[in-house]
1. For the range 171-199, give me the residue count where each residue is outside any helix (DSSP H, G or I) and either over 19 Å from Met235 (Cα atoms) or modelled with pLDDT of 85 or more (or both).
2. Residues that are touching a strand residue (DSSP E or B) at 6+ places or on another chain (Cβ under 7 Å), surrounded by fewer than 20 Cβ atoms within 10 Å (Cβ to Cβ) and aliphatic (A, V, I, L, M): which helices (runs of 4 or more DSSP H) entirely in the range 26-139 hold 2 or more of them?
3. Within the range 200-234, how many residues turn out to be within 18 Å of the chain's Cα centre (by Cα) and among the hydrophobic types (A, V, I, L, M, F, W, C)?
4. Does Val202 satisfy being surrounded by 21 or more Cβ atoms within 10 Å (Cβ to Cβ) and either in a strand (DSSP E or B) or without any contact (Cβ under 8 Å) to a residue 24 or more places away in the chain (or both)?
5. Would you call Arg135 at pLDDT below 95 and basic (Lys, Arg)?
6. Keeping to the range 140-154, report how many residues are in a loop (DSSP other than H, G, I, E, B) and either touching a helix residue (DSSP H, G or I) at 6+ places or on another chain (Cβ under 8 Å) or among the aromatic types (Phe, Trp, Tyr) (or both).
7. Got a sec? Which of Phe227, Phe210 is outside any helix (DSSP H, G or I) and aromatic (Phe, Trp, Tyr)?
8. Anything in the range 205-220 that is open to solvent by less than 30 Å² (accessible area, probe 1.4 Å), touching a residue at least 24 places away in the same chain (Cβ under 8 Å) and within 16 Å of Glu44 (Cα to Cα)? List them, or say none.
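The values are calculated or read from the model by the stated rules, or taken from the named source; none is laboratory data. Fair warning: this is a prediction, and the values are worked out from it, not measured in the lab. Every residue, glycine among them, receives a Cβ derived from its backbone with ideal geometry; neighbour counts consider all protein chains shown. The area values use the complete protein model at the heavy-atom level, side chains included, leaving out ligands, DNA and RNA. Shrake-Rupley method; radii C 1.70, N 1.55, O 1.52, S 1.80 Å.
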Amino acid sequence: LHAKVDSGYRRPVRMVVSSGGDKERFYDTIADRFDEVVNRYDLERRLEIVFDEMLASDVLTGRKLLDVGCGTGWFAKRAVSHGAHVTALDIGVRLLAKTREKCDASLVAADACRLPFPDGAFDIVVSSECIEHTREPLRALAEMCRILKEGGSLVITVPNKFWRPSATFAAIFKLRPYEGLENWLWWWELRRGLSKGQVRIVAMSGFHLFPPLISASWPLLRYVDRFGPTIGPVMLNLVVKAVK
């Protein structure tokens, strides 16, 4: 591990990254075009679920919030707009540069499996579609539980391993422009991982009955999301909120 300060940013970027394969840093290679290829419905729906549903009862103003796997910064930007003191973390420094363009967050380049923070450092931790791109998603989960304060909230979204074959199919037919790690989790696996992190699950659901590739299907997908707590184990994505 090593630490470095990049003075090219308006605020320092702390770097604590380990050596790893190209797949771990794939998303950094497409940072300049990531916002062009991302599914906008999926992105907006995840933002809505995390902030307007799961964190609806949480006061963000003045709270210390960590965005793990911030990507190009959409979740960090939303948290900043709610008045949170945001730290945006990603393994990719190019992605962090894109985050800087969107909001004034503290930036940290690090592996989600080895968070460079002391125990109980944050009031709120969010992580959307990140841990599946690590080599050890359950370790990343444990790390987020570790750095969460007592009484703090953790919200995570992750693809459901039930649908993992769809990513293989999409890769074969070039329907999905991603080549990173794809270590998806089962519904029960996510619950069990959190149970080991000294947190209590207060809400868990699924969303996206099937991949939101066709815009005409989006109203149906949004409607079916209301049944996520019941049929979540067979839905494309999972979301969970836990409190420490």
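1. 17
2. none
3. 4
4. When the stated conditions are applied, Val202 does not pass them.
5. yes
6. Count: 0.
7. The unique qualifying residue is Phe210.
8. Scanning the range 205-220 gives Gly206, Phe207, His208, Pro212.
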